[in-house]
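The values are calculated or read from the model by the stated rules, or taken from the named source; none is laboratory data. What you see is a predicted model, and the numbers here were worked out from it, not measured in a lab. Virtual Cβ from ideal backbone geometry, glycine too; neighbours counted across all protein chains shown.
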Amino acid sequence: MDQYRNFCIIAHIDHGKSTLADRLLELTGTVIGKDRKAQVLDSMDLEQERGITIKSHPIRMEYAAQDGRTYTLNLIDTPGHVDFHYEVSRSLAACEGAILVVDAAQGIQAQTINNLYLAVEHNLTILPVINKIDLPAADPDAVTDQIVDLIGCDASEVIRVSAKTGEGVDALLEAIVAQVPPPAGDVKAQAQALIFDSIFDPYVGAVAYVRMMQGTIAKGQRIRLIQQQRDHEVGEIGWFRLSRVPRKELSAGEVGYIATGAKDVRHIRVGDTVTLVDDPCLEAMSGYSEAKPMVFSGFYPTDNDDYDNLKDALQKLQLNDAALTFEPEKSAALGFGFRCGFLGLLHLEIIQERLEREYDLNLIATLPNVEYEVVDKDGKILLVENPALMPPSQEITDVREPFVRLSVISPKEFIGAIIQITLERRGTQRKMEYIDTERVNIEFDLPLSELVVDYYDKLKSVTRGYASMDYEYTEHRAGNLIKLDIMINGEPVDALAFIVHRDKAHHWGMEICRKLKELIPRQMFQVAIQAAIGNRVIARTNVKAFRKNVTAKCYGGDISRKRKLLEKQKAGKRRMKQVGSVEIPQEAFMAVLKVER
Amino acid sequence: MTAPGMQPTPPSRPARGGGVYVHVPFCASICSYCHFARTDHHDAELRRRTVEATLAELDLRRDQSSVLRAGLRPVDTLYIGGGTPSILEAELFRDLLDGLRGRLNLADDAEVTAEANPESFDEDTAITWSQAGVNRVSLGVQSLRDGTLDLLGRAADAATTRAALERACAHFDRVSADWILAPGVTPEALAAEFAEARALGVGHISFYILEWHPGTALTRAAAEGRIAPDPDERVEAVYLAALSALNALGYEQYEVSNACLPGQESRHNSAYWRRRPYLGLGPGAHGFWGRRRHANHAATDRYLAAIDAGRLPEASWELLDGAAGRLEAAILALRTCEGVDLDRLAVSEEALAAGCAEELWVLDRHRLRLTTRGFLRIDAIESWLSSHVIVPERCARVDTSGEGRLPCRDSKQHHPNGTTRA
């Protein structure tokens, strides 16, 4: 076990985590020849395109160190986004060391700090690494100072690399061997393994990615998942190269996989503990919690005939994504669809994009919203995930909404703008501290509903992309919240309803009407748009009927031209939804995003 | 009231056979609004070569269509359009008509229309046409006022145009005249011009709202601020005024831009709107035969080169499947006062009722017919309706190779006059 080194790489998005992983794989000879390509471990198209890691990708490498011994390095490539906090924490729990990667030009960012704290919480040995030293804008000395300030290490311990050119990566490998402690854990003790990820494989069923903490599990044995209270038989067990390599058994200290044969990935929950049915360990690993969706959106097919296809597609995606939830939902305006729950906005975007791209579905997605706790007159708490289902205000005593602790790291010149946009969104500032002479870390409490609407885009724009952010759910808090209904030609459109603070209702009503007027194209009929609280209309506007007309001559019988134009328009309308006699484009359902505060 | 020179006209009836359209792309000068296939670079030799090539094109099409060869589908409308057919020399025009007649099974009572422009429609031309079998003349009037004719870049002035209109009415029973509702035209002036036409015996009037096509002199002038297009409201007002003036004179609207005295409908154009088959011949012509629509090369040199090489001069063609066909049928029918059969549309009762309430259309004998108000929004209605036409699943194939060959075998079986023998 002395020669095992289990570690992960943590970094802010785009700081070069996946590229560094590529270099490690190459230098250890794990990837050779035709398998070489950029970001080997990010296998989904979306991961490669967006430069983010969505699923964990563990890999086992053999490294011949300078001391003449060969070490087994297990790299666990963790998801790199704020939405996947819990997954990251479980991956960290499976390691003894963490490589903290910081971009030599950008320096420490919000996720760097949060991930670092997470790693420290798990008692991991931190190897600070400055990446991209080949960039013209690189300032490794300044970034070294930031890192020294942050983790209290010695400047000489900071390893400088260029994952792109490979410079310094060999020194990093030596540091991993020298500094990351070998795993502890008794091979003879009762088996205990931590599940840090899982995938669904159509041939062998749900596959758990595990770190053996103690004991041994072998193929064919009966295993028990302690939290889920389910037993399975080990159909296949092994470790990871670029693909899975079957073995006879896994022992304490090793990282590998167990094919359980389970039909549903939701039975193989991240954070659960695997032990043997015949000789179980007494304790489950600590830190288990079930992924809880925080952000909700209604997904509706633009073509109602696609309902079953959407359902199939969601089921397929859920096979590999235990955090995705969906419930059938009916909207008077949009027909049949699903209320889907996500870990966060990025998770939502990824699912939406995969549905459209991999399953060729045209969707209308309603404005993302959060889960409200509504307290009725009897003191009963009702969970409301869909604004349209909010009970009338006279029937409720309280509405509570989720709050997050938000941290924003930015150059100091943007402090004023950041505070302004955050306060406008009902945020309260908690603290501010300088990371170095140029940059600050500001913490806020903020309603999640305000964050999911447009906060990130707004933050990027007021800081010209220099700020980074991270957030974590804290609690539900009571607020003076009401439902704003939007009516088209006198009929409330449930999918346009949203929940807003009472003080802002009037402003929002007017702004939404104005935006909808811009977004709903002129049609054959005049379209009346109104915003209302209960029965009281607080804002109204009209989209005038289309007037412009051309009575084109059919020159020489050229009918094709007109028909092709109509066919093109028709294709453009795939993202329109017919509500009554009005065609409403997808963007209209997102109108709230475009409202100026 | 019967105008001087008017004689009884053959009753209008739906075309049963096929139509033939011949495009003559030559003009004396280029009008400022025109985006059609036309050129003002030509001489007698090019004109003759083009007419001969047009007849050669008909031979090619006959070779490939047993229906045409055997004369199984009589031709009951022939339309010589342009461009400016009246620019053709008398002998050349005769050769063209004789050539067509010799190759086609032209029905005895066929409607034979030729388009003329005032500057080239002299007494000799009128006589030549009449003798050659033309029984309907369509004159490009556009306006009877010098200012508007100038703006439109017309070759003829108002006096020449008036004279040509009188001449047409003197020589032919059936005369159609085109007007353009150009910027600055007042409802009063328009009404007076229509009344003049009515008094001369014009039986058919087309009135087109000016289209601003990219690349035309007029569109450039507007882009540079030298002229100001009328606002939509004014265009609507002029269109409505045109309709009421025509109604007052006894013309009845039968299509969005066409009105006529009883029995004077254009049989040829009505066949387009009913989606009847027609051959298109000549540079830039479009045709629809079988389930195939084609467009010929618009550039005369490319057209001639193809004919010289013994190839069909097609720039593109497509085989229409059910979906495209249904869509075409619906939008074409929507232009007419007959309207669209409701069985062809998947429209909710609610939307149908809303359109009636807004007076965009009426529902009459299970058809949806646009009102005048609806005609003014026909683009929006077409666009909306195109999503609600009941169609089968399959899609059309398009070939833009310009070689006029069929790209694959399976489409050939749908195609009675296939252009390849492969």
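Values for this structure:
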read-out: Verdict on B:LEU243 being closer than 29 Å to B:ALA182 by Cα and of a type in the set (A, V, I, L, M, F, W, C); value: yes
read-out: Members of the range B:284-297 that are within 10 Å of another protein chain (Cβ to nearest Cβ) and either in contact (Cβ under 8 Å) with a residue 40 or more places away in the chain or surrounded by fewer than 18 Cβ atoms within 10 Å (Cβ to Cβ) (or both); value: B:GLY284, B:ALA285, B:HIS286, B:GLY287, B:HIS294, B:ASN296
read-out: Test: residue in the range B:20-28 that is more than 14 Å from every other protein chain (Cβ to nearest Cβ), within 18 Å of the chain's Cα centre (by Cα), modelled with pLDDT of 90 or more and within 17 Å of B:THR113 (Cβ to Cβ); value: no
read-out: The range B:362-383, subset over 15 Å from B:ILE209 (Cβ atoms) and assigned to a loop (DSSP other than H, G, I, E, B), residue nearest to the other protein chains (Cβ to nearest Cβ); value: B:THR371
read-out: Count - residues of the range B:358-375 that are in contact (Cβ under 8 Å) with a residue 60 or more places away in the chain and under 22 Å from A:LYS570 (Cβ atoms); value: 2
read-out: Segments classed as strands (runs of 3 or more DSSP E), wholly inside the range A:185-286, with at least 2 members that are in contact (Cβ under 8 Å) with a residue 40 or more places away in the chain and among the polar types (S, T, N, Q); value: A:192-201, A:273-276
read-out: Search result, residues across the range B:154-177 that are of a type in the set (D, E, K, R) and surrounded by fewer than 20 Cβ atoms within 10 Å (Cβ to Cβ); value: B:ASP157, B:ARG162, B:GLU166, B:ASP173
read-out: Positions within the range B:174-215 being under 20 Å from B:GLY81 (Cα atoms) and of a type in the set (Ser, Thr, Tyr), in sequence order; value: B:SER176, B:SER206, B:TYR208
read-out: Test: residue in the range A:78-86 that is surrounded by fewer than 19 Cβ atoms within 10 Å (Cβ to Cβ), within 26 Å of the chain's Cα centre (by Cα) and assigned to a loop (DSSP other than H, G, I, E, B); value: no
read-out: Complete set of residues in the range A:465-480 that are in contact (Cβ under 8 Å) with a residue 60 or more places away in the chain and among the hydroxyl-bearing types (Ser, Thr, Tyr); value: A:SER468, A:TYR471, A:TYR473, A:THR474
read-out: Boolean, B:GLU318 is farther than 22 Å from A:LYS577 by Cβ, within 14 Å of chain A (Cβ to nearest Cβ) and outside any strand (DSSP E or B); value: no
read-out: Residue match in the range A:231-239 (condition: closer than 19 Å to A:CYS95 by Cα and of a type outside the set (Ser, Thr, Tyr)); value: yes
read-out: Elements of type helices (runs of 4 or more DSSP H) contained in the range B:189-284, each with 3 or more residues being under 21 Å from B:THR336 (Cβ atoms); value: B:232-248, B:267-273
read-out: Among (1) in contact with a helix residue (DSSP H, G or I) (Cβ under 7 Å, 6 or more places away or on another chain); (2) exposed (fewer than 15 other Cβ atoms within 10 Å of the Cβ); (3) not polar (S, T, N, Q) - the single one B:GLY71 does not satisfy; value: (1)
read-out: Filter pass, B:LEU304 being surrounded by 18 or more Cβ atoms within 10 Å (Cβ to Cβ), touching a helix residue (DSSP H, G or I) at 6+ places or on another chain (Cβ under 8 Å), within 11 Å of another protein chain (Cβ to nearest Cβ) and assigned to a helix (DSSP H, G or I); value: no
read-out: Members of the range B:171-182 that are in contact with a Leu (Cβ under 9 Å, 6 or more places away or on another chain) and not in a loop (DSSP other than H, G, I, E, B); value: B:VAL175, B:SER176, B:ALA177, B:ASP178, B:TRP179, B:ILE180, B:LEU181
read-out: Residue within the range B:341-351 that is under 24 Å from B:SER266 (Cβ atoms) and within 11 Å of another protein chain (Cβ to nearest Cβ) present; value: no
read-out: Test: residue in the range B:105-120 that is free of Cβ contacts under 8 Å to residues at least 12 places away in the same chain and either more than 18 Å from B:VAL175 (Cα to Cα) or of a type in the set (A, V, I, L, M) (or both); value: yes
read-out: Total residues in the range B:126-139, condition surrounded by 24 or more Cβ atoms within 10 Å (Cβ to Cβ) and either part of a helix (DSSP H, G or I) or touching a helix residue (DSSP H, G or I) at 6+ places or on another chain (Cβ under 7 Å) (or both); value: 3
read-out: Filter pass, B:GLY290 being of a type outside the set (D, E, K, R), over 19 Å from the mean Cα position of the chain (by Cα), on the phi > 0 side of the Ramachandran plot and modelled with pLDDT under 90; value: yes
read-out: Cβ-Cβ under 7 Å pairs, at least 6 apart or on other chains, the range A:131-145 side modelled with pLDDT of 90 or more, far side of a type in the set (Ser, Thr, Tyr) and surrounded by fewer than 19 Cβ atoms within 10 Å (Cβ to Cβ); value: A:ASP134/A:THR165
read-out: All positions within the range A:508-521 that are in contact (Cβ under 8 Å) with a residue 24 or more places away in the chain and either in a helix (DSSP H, G or I) or assigned by TED's automatic domain parsing to the domain that holds A:VAL399 (or both); value: A:TRP508, A:GLY509, A:MET510, A:GLU511, A:ILE512, A:CYS513, A:ARG514, A:LYS515, A:LEU516, A:LYS517, A:LEU519
read-out: Selection count, the range A:363-388, where residues are modelled with pLDDT under 90 and buried (at least 16 other Cβ atoms within 10 Å of the Cβ); value: 11
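Yes or no, residue by residue, for (1) in contact with a His (Cβ under 6 Å, 6 or more places away or on another chain); (2) in a helix (DSSP H, G or I); (3) of a type outside the set (Ser, Thr, Tyr):
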residue: A:LEU346; (1), (2), (3): yes, yes, yes
residue: A:GLN352; (1), (2), (3): no, yes, yes
residue: A:VAL408; (1), (2), (3): no, no, yes
residue: A:THR422; (1), (2), (3): no, yes, no
residue: A:ARG430; (1), (2), (3): no, no, yes
